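> Submitted below is the structure of interest, expressed as structure tokens.
The values are calculated or read from the model by the stated rules, or taken from the named source; none is laboratory data. Since we're looking at a predicted model, the values are computed, not measured. Positions of Cβ are backbone-derived with ideal geometry, glycine not excepted, and every protein chain shown enters the neighbour counts.
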């Protein structure tokens with residue numbers, strides 16, 4: 001297997017992560033395994049990654065009903081799809097599965113975007129800035145959003161911009177950056 005993303009992830013885990021990062025990664029693996037077992041048990045369900053990409057595209061398209069309205073619409077769509085493909089599930093099972101696909105997200109302290117969305121944007125921006133982003137990911141983002149690095153930068157709250165600048169100029173360490181970003185986003 002020569003997937004460069006996998007190799008980057010393994011390199012990061014083995015060579016760059018600290019104890020707190022390992023803990024977050026372990027929790028992510030447990031969540032992913034749980035999701036996979038739920039999806040496999042239900043049968044012919046849509047791919048959650050594909051759905052997440054479609055949701056992101058809809059949000060980025062600026063449909064105009066706001067993020068919370070969009071989340072509600074998407075949640076209703078997910079429930080409808082689950083009921084359609086797995087009518088034997090109970091309401092609690094449907095809720096568990098729909099929440100696994102689209103968990104509630106806290107808003108960041110600094111803005112209207114959910115903290116997990118901002119965190120993902122920050123990771124992509126840093127990957128691009130450090131030159132470690134896959135070319136295909138950059139191309140996909142440019143297809144969807146045009147000059148996405150500038151759009152991200154303009155979207156970031158001032159405190160996030162300052163922290164990113166400090167990290168890129170080596171004024172703070174990666175560990176300090178992670179800690180300060182978590183505080184700034186309220187996570």
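> Just the residues that are modelled with pLDDT under 75, within 21 Å of residue 73 (Cβ to Cβ) and not in a helix (DSSP H, G or I), please, taken from the stretch 84-139.
102, 103, 104, 105, 106, 107, 112
> For the stretch 140-187, name all the residues that are under 17 Å from residue 123 (Cβ atoms), modelled with pLDDT of 90 or more and outside any helix (DSSP H, G or I).
172, 173
> Considering the stretch 144-163 alone, what residues qualify as being closer than 19 Å to residue 132 by Cα and within 18 Å of the chain's Cα centre (by Cα)?
Result: 148, 149, 152, 153.
> Look at the stretch 129-144 and say how many of its residues are surrounded by 15 or more Cβ atoms within 10 Å (Cβ to Cβ) and in contact (Cβ under 8 Å) with a residue 12 or more places away in the chain.
1
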